[in-house]
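Read through the structure below, which is laid out as structure tokens, and then see the notes.
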Amino acid sequence: MIGKARAGFEVSITGLGVNVPERIVTNDELAQHVDTNDEWIRERTGIRERRMAGQNEALSDIALPACRDALAQAGLDAKDIDLLIVATVTPDMMFPSTGAILADLLGAHDAAAYDMTAGCTGFVYALAQAYGMIAGGLSKKALVVGGDLLSKLLDWGDRSTLVLFGDGAGAVVLEPVDEQGFLGFELGADGGGGEHLWLPGSGSRHFDEPEKAIKMNGREVFKFATRVLVQSAEDILSRCEVTKEDVDVYVPHQANVRIIDHATKKLGFPSDKVVVNVERYGNTSSGSIPLALRDGIDDGRIRTGSLVLMTGMGAGLTWGSALLRWTL
Ligand code: ACO
């Protein structure tokens, strides 16, 4: 799916909040559980540390402060929100949805609230959904949450996945604005490749030996990721008639610094246009792009008027890009 934003009707991000668990887990700490070491992890992934939630913390606990900060920046009260979407593969539980839980905790009593799943691309998918509902006249003010606690799905005996993931969440407010906001979206899925990154036994399909942990074919996911990050970015730029040179800031999904470097080089973006924070957080799945937006703002690269290209990819397999003129 690919589309340009509705002409003459602008929608943008008017508030952003992020939050991560307090506990920092270093590579050395993981090396106490599996046969790995700090040097291997840094060289192959760029990750130095990640955050991990405590046993009694669920996604709604981590996402709630991010939602409050996003609402505060937008100058809104929760009761102004009529749509709350949570993109995640690690909801508090299958039902009630984390969207409904957050709407209740925030006091967003007039909001349609639900969860949606598109792997690590979830945040970009949810942005597109919220944009569509606002542009279609169904919603006036939406809160979009992207967050995951993938530490809850880790196999502490599998070194090929244990070192990659971390926990975190972000939230953004979307609403109509006067100046240019979203320019367009590109979203895709390839279920045929789904077996390369999966959680068998987590739903209605029966497995004799259901898994409680992420299963991943790292090399296949690596190849997929490098391909779609480039393709999706090129497709959305072309559809929106924008050149690579026009892009001020590139915010890719933070899975592995080598994947990001590969895409950045192929796309021809200078490194100072690319937000990278995987070294501090690891791969936080749907939390990754909002956490990177926060860092891009804090280091001064994302500012009013910046053309921001976000591209995610992940389980499904899925991918997606959003192109946005930053209005905050
Ligand atoms: N420490 C030490 N050695 C390791 C580790 C580790 N943590 N993990 C794997 N190895 C070993 C392997 O066992 C292998 O050993 P062998 O040669 O004796 O068999 C060796 O290192 C090389 O393994 P490769 O898989 O070839 O290593 P590679 O350079 O491809 O790096 C990695 C592995 C980091 C998993 C890489 O393939 C990758 O990043 N893939 C993409 C993963 C990803 O991004 N997933 C999520 C994306 S989607 C989403 O965000 C949900």
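The values are calculated or read from the model by the stated rules, or taken from the named source; none is laboratory data. Please read all numbers here as calculations on a predicted model, not as lab measurements. Reconstructed Cβ throughout: ideal geometry from the backbone, glycine too, with neighbour counts over all protein chains shown. Remember, those area values only see protein heavy atoms, side chains included, never the ligands or the DNA or RNA. Shrake-Rupley method; radii C 1.70, N 1.55, O 1.52, S 1.80 Å.
Just a few scattered comments:
- When Lys223, Lys152, Lys265 are compared by accessible surface with a 1.4 Å probe, the order from highest to lowest is Lys265, Lys223, Lys152.
- Put a plus charge on the Cβ of each Lys and Arg, a minus charge on the Cβ of each Asp and Glu, and nothing anywhere else: the dipole of the range 1-130 about its Cα centre is then about 440 debye.
- Sorting the Cα pairs of the range 130-226 by distance into bins of 10 Å, from 0 upward, gives 12, 29, 29, 22, 7, 0 percent per bin.
- DSSP-loop chymotrypsin sites (Phe, Trp or Tyr not before Pro) across the range 201-310, with at most 12 other Cβ within 10 angstrom: Phe207
- Lys/Arg +1, Asp/Glu -1 at C-beta; the range 217-328 dipole; positive extreme among Ala292, Gly320, Val275: Gly320
- q = 0.10, 0.11 Å⁻¹: log10 I(q)/I(0) that the Debye formula gives for the chain, counting C-alpha atoms only: -0.51, -0.63
- Judged by the ratio a/c of the largest to the smallest principal axis of the C-alpha gyration tensor, the range 270-328 counts as oblate, that ratio being 1.5 or greater while a/b is no larger than b/c.
- Taking the range 235-255 and a reference point 7 angstrom along Cα→Cβ of Asp299, the backbone N atoms nearer than 20 Å belong to 245-255.
- Residues of type lysines that Lys141 reaches as a straight line, Cα spacing below 25 Å, ignoring anything fewer than 8 places off in the same chain: Lys4, Lys79
- Cβ-placed point charges (K, R +1; D, E -1), dipole of the range 99-182 about Cα centre in debye, nearest 20: 80 debye
- Projected area averaged over orientations for the range 1-134, convex hull of C-alpha atoms, nm²: 10.8 nm²
- Magnitude of the charge dipole, the range 241-328, Cβ model with Lys/Arg +1 and Asp/Glu -1, debye to 20: 140 debye
- From helices alone, the chain scores -9500 deg cm²/dmol at 222 nm; the rule is -39500 (n - 2.57) for each run of n ≥ 4 DSSP H residues, then divide by the residue total.
- Carbon-plus-sulfur accessible fraction, the chain (probe radius 1.4 Å, protein heavy atoms only): 48%.
- Percentage relative contact order, the chain, counting C-alpha pairs under 8 Å, at least six apart: 26 percent
- Accessible area of the chain divided out per residue, in Å², using a probe of 1.4 angstrom: 42 Å²
- Translational diffusion coefficient (Stokes-Einstein; Kirkwood radius from C-alpha pairs) of the range 225-328 at 10 °C, 1.306 mPa s, in µm²/s: 118 µm²/s
- Solvent-accessible surface ranking, highest first, for Asp246, Asp272, Asp82 at 1.4 angstrom: Asp272, Asp246, Asp82
- The range 112-197: chymotrypsin sites (Phe, Trp or Tyr not before Pro) falling in loop per DSSP and having at most 15 other Cβ within 10 Å: Trp156
- Accessible surface comparison of His253, His206, His196, probe 1.4 Å, protein chains only, largest first: the order is His206, His196, His253.
- Cα shape, the range 34-74, gyration tensor, a/c 1.5 rule: oblate
- When the convex hull of its Cα atoms is projected in every direction, mean area for the range 50-112 (nm²): 4.7 nm²
- Longest DSSP-loop-exposure-free segment, GluC sites (Glu not before Pro), the chain, at most 15 other Cβ within 10 Å: 23-178
- Here the chain carries DSSP beta bridges of which approximately 70% are antiparallel, counting only pairs with both residues inside.
- Its Cα gyration tensor gives the range 72-214 an equivalent ellipsoid, and the semi-axes of that ellipsoid, as √(5λ) in whole Å with the largest first, are 31, 17, 14.
- For Asp208, the accessible surface of its heavy atoms amounts to roughly 140 Å² (probe 1.4 Å, protein chains only, rounded to the nearest 10).
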